[in-house]
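So the structure is just underneath, and the comments pick up after that.
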Amino acid sequence: MDKKVLERAGLAKGEIEVYLTLLKIGSSLVSKIAQETGLHRTNIYDTLEKLREKGLVSYVIKENRKYYSASNPEKLLDYIREREKEIEMILPELQNYMALPRSESVVEIYKGKEGLKSVLKDILKEKKDYVVFEEEGYIQKVLPYFYLQFNKQMNKSKIRVKVLTKEVKNIAKRSLMQIKYLPKFPSFPSATAIYGDKVAIFVWDEPYHAILIKSKQVADSYRSFFEVLWKQSK
């Protein structure tokens, strides 16, 4: 017999062994079931209780001893039908979960100076205030001419930015920009901008990379971390 059918019906392997054994040998003591199945007596007691809860095993007491018997196999169908009814009861709630709004995280990697520009242009396109963890003002060094145009567009779109850095003197300040510094904070390994539902990580070492993470959850987490540091900075 294919025992996996019973597994798919919701019975554990131990439950299957005990139930089939009782079907074959009839009413029996736990000692006899242990002898036939090779299972430990302690496990058999637990298994019998689970089978009894499923309505697949019953017992009678004779001379102060419990004799266990397997229920008619048709009880298996009753057990499965009961599970179906339980699932039907919670089905509307499960379907409601499917209707909840969800967003999948997307990670994109851009390479080279043009890749850096693509992500910076996306910040402009978003047209939302944003925050930045910056270390040395590398954008001015790597993309000096583009940075000038970038700032002009930022001012034109009235996009505000908060910048956390270790060295204020290395950041070319513009209007609508607030800068604070954390002298005792470890160096930021890269520049990180948080805007909208996106986090952009800029790696300024050649050949240059920009990692763009599109995830509301990730962006909110970074933004919360930024705000904590912002309150502690000068």
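Since every read-out is calculated from the coordinates, none of them should be taken as a lab result. These figures come from a predicted structure and were not determined experimentally. Positions of Cβ are generated from backbone atoms using ideal geometry, with glycine treated the same way; all protein chains shown enter the neighbour counts.
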Original post:
Counting alpha carbon pairs within less than 8 Å and at least 6 residues apart, what relative contact order, in whole percent, applies to the chain?
Top reply: 16 percent
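For the chain, give me the percentage of DSSP beta bridges that are antiparallel, rounded to the nearest 5 percent. Intermediate results must be reported in sequence, preceding the final value.
Details: 28 of 37 bridges.
The answer is about 75 percent antiparallel.
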Original post:
Using the alpha-carbon atoms, what tilt in degrees (0 to 90, nearest 10) does helix 74-99 show relative to the longest principal axis of the chain?
Top reply: 10 degrees
**OP:** Measure nothing fancy, just the Cα-based angle from helix 13-25's long axis to the longest principal axis of the chain, in degrees from 0 to 90, nearest 10.
**Re:** 10 degrees
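Taking the highest mean first, how do the peptides 39-45, 83-89 order by number of other beta carbon atoms within 10 angstrom per residue?
Numbers: 39-45: 13.4, 83-89: 10.0.
Order by mean packing, descending: 39-45, 83-89.
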Original post:
Hey, which aspartates and glutamates would be in cross-link range of Lys32, C-alpha to C-alpha under 19 Å, not counting anything within fewer than 8 residues on its own chain?
Top reply: Glu15, Glu17, Asp46, Glu49, Glu63
**OP:** Per residue of region 229-234, in order, report the coupling 6.51 cos²θ - 1.76 cosθ + 1.60 (Karplus, θ = phi - 60°) as ³J(HN,Hα) in whole Hz, putting x for Gly and Pro.
**Re:** 5, 4, 5, 8, 8, 9
Subject >> Those lysines that a straight Cα-Cα span of less than 16 Å connects to Lys111, excepting residues fewer than 8 apart in one chain >> reply: Lys121
**OP:** Straight distance only, please: which lysines reach the Cα of Lys4 with their own Cα at less than 22 Å, same-chain residues fewer than 8 apart left out?
**Re:** Lys13, Lys24, Lys50, Lys54, Lys75
Subject >> Angle in degrees between helix 144-156 and the longest Cα principal axis of the chain, rounded to the nearest 10 >> reply: 80 degrees
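Per DSSP H run of at least 4 residues, take -39500 (n - 2.57); add these up for the chain, divide by its residues and hand me the 222 nm value, nearest 500 deg cm²/dmol.
Details: 9 runs with 115 residues, N = 234.
Helices in the chain give a 222 nm mean residue ellipticity of -15500 deg cm²/dmol.
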**OP:** Would you kindly derive the ³J(HN,Hα) couplings of region 211-220 from the backbone phi angles with the Karplus curve 6.51 cos²θ - 1.76 cosθ + 1.60 (θ = phi - 60°), listing them in order in whole Hz, with x for Gly and Pro?
**Re:** 10, 10, 10, 9, 6, 4, 4, 5, 4, 4
